[in-house]
Amino acid sequence: MTALIGDELGPRGRRRVLVGSVVASLGVAALVVVAIQRFADRGQLDAEKWSILAEPAVVGFLLGGLANTVKAAAAGMVGAVTIGAVMALGRLSRNRPVRWLAASYVEFFRGFPLLLLILFSAFGLPRLGVRLPLFWYLVLGLAVYNSAVLAEIFRAGILSLDRGQREAAVAVGLTDGQAMRLVVLPQALRDVIPANVGLFIALLKDTSLGFFVQYEELLRRGQLTGNFDGNLLQALIAVAVMYIAVNMALSRVARRLEVRQRRRYGGSIEVKGGPEDLVAPETAARKENVGV
Amino acid sequence: MDIVLENFDRFVQGLTTTLSLTALSWVGAFVIGVAVASLRVGPIPPLRGAGAVYVEVVRNCPLTVLFVVFYFGFPSIGIILPKFASAVIILSVYTGAFVAETVRAGFNTVARGQVEAARTLGLSFAQMLGMVVLPQALRAVVGPLGSLLSALIRNSSIAFSISVIELTGTTFQIATETAEFIPVFVAAAVAYLLLTLPTGLVVGVIERRVAIKR
């Protein structure tokens, strides 16, 4: 919640806040000035260092890197959703060995760094005779690691669904499998859509680990173009800005989806700050009124 | 298996680097996180804004990008630091944004009456925050902070991008030297699990100990 801690200020408090604000603004402004000064002193603000970034060839190269990033993340996501769903069902299976296997898969792959997995995939697998294009080594690492995360998200989604849904399904004569497939899963999957968008953002960020295996995603391409044109710092800053812009946009989408779903299907709304929240508590309150 | 035993010392060395990287960065992240969370609920609008910008920028930027910008880009503006120090700074700054969000979520769990009572007693904003709100907020988010610590242990591997040879770097070096990928990587996986699993257990114990029962 963005709500401040504390209460309505009196005249003296307001004066102090005003003074504090002025001092803080000056401090922030001073920091910005020092930073700009530093850039200028070292010739890093030279127009040509930045204007190269706007040349069509460079823009195309970087956007191509972004496309590679999105491609790897999307392929990784598809793999992660597939394996993750299987593992989530495995963990909820009635069969003890299946449950145990799925649980160890999840615990094992969640426990160590994704980078280790990607290095193993890209450098270890070729020596073991598994030859794939570079892209797929990265995707494999991303998919396996994130499937363990997704399995937990799916499992939570299935478990959080009201028991009555499954019981009712069985009561009208559906088999266990049918109840899961026709009643439980559609609702559980719907509930975890926002979490999935959140995970996709994480995957986009994780794709930058492709940097380590020479996959030409956004970061690697930023480095290549920066080294080529002699404006490494500027190119890397451009890459960071691109990442931040894409991820912030996606975060907003995730948040919107969440609020919309909660509004439509009920459930509590976690207020996180941001303009979307303005509609959320109000609709939540309305929902409660209907209940009463 | 022999390969792992032969290189046991190097593994231990890598593990030690990972541990010190994690420990130092955690201290930094915690300080940054608590400070930024406090600024974001404080009465001064420009500081609230600065905190929000920091969190949004850092959370949406991949850790690898931060590493590369800081270590390969910043020397152009005269910021040149040793590898290990750079890694600690970047990991602190990155994890700090997540700690800030977690602590802020903790603030929301503190009952409004607590704040009102503190104000009634005449505590200043800083006193209220430090003596009343923060202690309760932190106790409420021990679990999520523990997850962040585990993530930090795993994220410290990305320091390899600037050639800090911690556990992942060591593993990669030994594996490429000996061409024995499977035993070496399994050993590394076990080593990481030896770090993350006990962390989870200890955090669980602390969480139960300090939980505020209502």
Share of pairwise Cα separations in segment B:95-214, more than 26 Å, in percent: 42 percent
Where the Cα pairs of the protein assembly as shown fall when distances are cut into 10 Å bins, in %: 4, 15, 26, 27, 18, 8, 2, 0
Among B:204, B:33, B:106: highest mean-square fluctuation, GNM of chain B, C-alpha pairs under 10 Å: B:204
Per-residue Cβ neighbour rank within 10 angstrom, fewest leading, B:109, B:199, B:170: B:109, B:199, B:170
Integer Hz, Karplus 6.51/-1.76/1.60 couplings in order for segment B:147-162, x for Gly and Pro: 5, 5, 5, 4, 4, 5, 4, 5, 5, 4, 5, 6, 4, 4, 4, 10
Kirkwood Rh and Cα Rg combined as Rg/Rh, segment A:20-104: 1.39
Calculated on alpha-carbon atoms, Rg and Dmax of segment B:2-210 in Å: 20.1, 69
For chain A, with +1 on Lys and Arg beta carbons and -1 on Asp and Glu, the positive-most of A:103, A:184, A:164 along the dipole: A:164
For segment A:52-265, average projected area of the Cα convex hull in nm²: 14.4 nm²
Residues residue A:96 and residue A:161, FRET efficiency given R0 of 30 Å [Cβ-Cβ distance, rounded to 0.05]: 0.85
Relative contact order (%) - chain B, alpha-carbon pairs under 8 angstrom, separation at least six: 31 percent
Residue of A:21, A:147, A:51 that the Gaussian network model of chain A assigns the largest fluctuation, springs spanning Cα pairs under 10 Å: A:21
Low-density loop positions, trypsin sites (Lys or Arg not before Pro), segment A:102-179 - DSSP coil, at most 14 other Cβ in 10 Å: A:131
Karplus-derived HN-Hα couplings along segment B:133-139 (A = 6.51, B = -1.76, C = 1.60, θ = phi - 60°), whole Hz, x at Gly and Pro: 6, 4, x, 6, 5, 5, 4
³J(HN,Hα) computed for each position of segment A:31-45 - Karplus, 6.51 cos²θ - 1.76 cosθ + 1.60, integer Hz, glycine/proline x: 4, 4, 4, 4, 4, 4, 4, 4, 4, 5, 4, 8, x, 8, 9
With Cα atoms, 0 to 90° folded angle of helix B:83-109 axis to chain B main axis: 40 degrees
Whole-number Å³ per residue for the convex hull built on Cα positions in segment A:100-149: 71 Å³
Among A:103, A:73, A:40: highest mean-square fluctuation, GNM of chain A, C-alpha pairs under 10 Å: A:40
Cα centroid of segment A:229-261 to Cα centroid of segment A:33-86, whole Å: 9 Å
Chain A: relative contact order as a whole-number percent, Cα under 8 Å and 6+ apart: 21 percent
Mean ellipticity per residue at 222 nm, deg cm²/dmol - from DSSP H runs of n ≥ 4 across chain B, formula -39500 (n - 2.57): -24500 deg cm²/dmol
Net charge dipole size for chain B [Lys, Arg +1 and Asp, Glu -1 on Cβ; Debye, nearest 20]: 1220 debye
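Quick note: the coordinates plus some simple rules give every number you see, no bench work behind them. Model, not experiment: these values are computed from the prediction. All Cβ positions, glycine included, derive from the backbone under ideal geometry; neighbour counts span all protein chains shown.
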